[in-house]
1. Give the stretch 104-121 a look and list any residue that's in contact (Cβ under 8 Å) with a residue 24 or more places away in the chain, open to solvent by 10 Å² or more (accessible area, probe 1.4 Å) and either in a helix (DSSP H, G or I) or in contact with a strand residue (DSSP E or B) (Cβ under 9 Å, 6 or more places away or on another chain) (or both), or say none.
2. Take the stretch 204-226 and flag every residue that is within 18 Å of the chain's Cα centre (by Cα) and open to solvent by less than 60 Å² (accessible area, probe 1.4 Å).
3. What are the residue pairs meeting all of these: first residue in the stretch 16-39, first residue touching a residue at least 60 places away in the same chain (Cβ under 8 Å), second residue small (Gly, Ala, Ser) and surrounded by fewer than 19 Cβ atoms within 10 Å (Cβ to Cβ), Cβ atoms under 7 Å, and 6 or more apart or on different chains?
4. Test ASN70 against the stated conditions and say whether it is free of Cβ contacts under 8 Å to residues at least 24 places away in the same chain, open to solvent by 20 Å² or more (accessible area, probe 1.4 Å), of a type outside the set (Lys, Arg) and assigned to a loop (DSSP other than H, G, I, E, B).
5. Among (1) within 25 Å of ASN57 (Cβ to Cβ); (2) part of a helix (DSSP H, G or I); (3) open to solvent by 10 Å² or more (accessible area, probe 1.4 Å), which single condition is MET100 missing?
6. Taking LYS242, is it out of contact with any Lys or Arg (no Cβ under 8 Å at 6 or more places or on another chain), open to solvent by 90 Å² or more (accessible area, probe 1.4 Å), part of a loop (DSSP other than H, G, I, E, B) and charged (D, E, K, R)?
7. Looking at ASP253, ASP179, can you tell me which residue is surrounded by 14 or more Cβ atoms within 10 Å (Cβ to Cβ) and assigned to a helix (DSSP H, G or I)?
Amino acid sequence: MSFTLLSSPLQGFTDFRFRNAQNKYFGGIDTFYSPYIRLNGKLVIKSSYERDLLPENNMGLEVIPQVITNDADEFLFVAKYVRELGYKELNWNLGCPYPMVTKSGMGSGLISNTEKINHILDKAHSETDIIVSMKMRLGYDTTEEILDVLPILDQYPIKNIAIHARIGKQLYKGGVHLDAFQQCIDNTKHKLYYNGDITSVAKFHEMQERFPSIDHWMIGRGLIADPFLPSMIKSNALEYPKNKMELFGAFHDTLYEGYSESLSGQTHILLKMHHLWEYFSVIFSDPHKVHKNIKKSKSIRNYEATVKEVIAKG
């Protein structure tokens, strides 16, 4: 059975620089979802969102913009904006688990508000020609919350629903709820995409066997931790390429150069790279030691020397 691999958006990580570098050196991702646009009540698009979605910054990539909101006017404003940039689809985030989002009644904090979801979808489908897709969790407090939403979603021509098989209050802790995801398959007419804990080729095969009807698979943190993963899944490879460290080094240097140009000051650049290495360290033989050594680098010169050493040792 043929399948499609998608990059799940992670705020602060999967921007256009990451997407371009991952695609250039590794490939394997068919469609990238951009990190969400959040307006906070002001109908203004921040320049960082604009840069991220400009077609010239995403050449050769299939990208779908995403919005996070609980307000119909905001949704319509973003829909109009992305249409003007040439995008035909807008993904609506009902999955973000972070308290600063959920406490505002957005992301997974909106899943229990079926009335508001219905209102926004009604406006989106009656007042724009944007194709709407969804990214959700199973709920915020319980895995049953989504079961009240699915009948509402079935009333609309939604392109697909990508479900991260956790609840919001888990954040990224604990296991995925596979039985609850199966319940979603059994209770909607819509096409579902699976998201959650695809971190290896073996894990991917396990999920394929568990859900034979699913042919779209979303990789989130697993992609940042292991940018080789999508191409390895596609080629069914259980071993890394022989030039693993050479490829990773070129990927890192491209990202580092991009962030060095766009971020101001040593502190910002190092903070950005340190966050990335929380994930990157996973593909090294001693992840804990690698991450610890990177974190200890407090200057650009020190960081560059440490990275060089880490990659040389593999």
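The values are calculated or read from the model by the stated rules, or taken from the named source; none is laboratory data. From a predicted model like this one, the values you see are computed outputs, not experimental measurements. All Cβ positions, even for glycine, are placed from backbone atoms using ideal geometry, and neighbour counts span all protein chains on display. Side chains are part of the model used for accessible areas, which takes the heavy atoms of the whole protein and leaves out ligands, DNA and RNA. Shrake-Rupley method; radii C 1.70, N 1.55, O 1.52, S 1.80 Å.
1. Of the residues in the stretch 104-121, the ones in contact (Cβ under 8 Å) with a residue 24 or more places away in the chain are 104-114, 116-121.
Imposing the further condition that a residue be open to solvent by 10 Å² or more (accessible area, probe 1.4 Å) reduces the set to 104-106, 109, 112-114, 116, 118-119.
If the condition is that a residue be in contact (Cβ under 8 Å) with a residue 24 or more places away in the chain, open to solvent by 10 Å² or more (accessible area, probe 1.4 Å) and either in a helix (DSSP H, G or I) or in contact with a strand residue (DSSP E or B) (Cβ under 9 Å, 6 or more places away or on another chain) (or both), then MET106, GLY109, SER112, THR114, LYS116, ASN118, HIS119 are the ones that fit.
2. Here is the first cut: in the stretch 204-226, the ones within 18 Å of the chain's Cα centre (by Cα) are 204, 215-226.
Across the stretch 204-226, the qualifying residues are PHE204, ASP215, HIS216, TRP217, MET218, ILE219, GLY220, GLY222, LEU223, ILE224, ALA225, ASP226.
3. Every condition considered, the pairs that remain are ARG17/GLY258; TYR25/ALA250; PHE26/SER231; GLY27/SER231; GLY28/SER231.
4. On the way: free of Cβ contacts under 8 Å to residues at least 24 places away in the same chain: no; open to solvent by 20 Å² or more (accessible area, probe 1.4 Å): yes; of a type outside the set (Lys, Arg): yes; assigned to a loop (DSSP other than H, G, I, E, B): yes.
Against the criterion (free of Cβ contacts under 8 Å to residues at least 24 places away in the same chain, open to solvent by 20 Å² or more (accessible area, probe 1.4 Å), of a type outside the set (Lys, Arg) and assigned to a loop (DSSP other than H, G, I, E, B)), ASN70 does not qualify.
5. Among (1) within 25 Å of ASN57 (Cβ to Cβ); (2) part of a helix (DSSP H, G or I); (3) open to solvent by 10 Å² or more (accessible area, probe 1.4 Å), MET100 violates only (1).
6. yes
7. Numbers: ASP179 fails: surrounded by 14 or more Cβ atoms within 10 Å (Cβ to Cβ).
Only one candidate passes the filter, namely ASP253.
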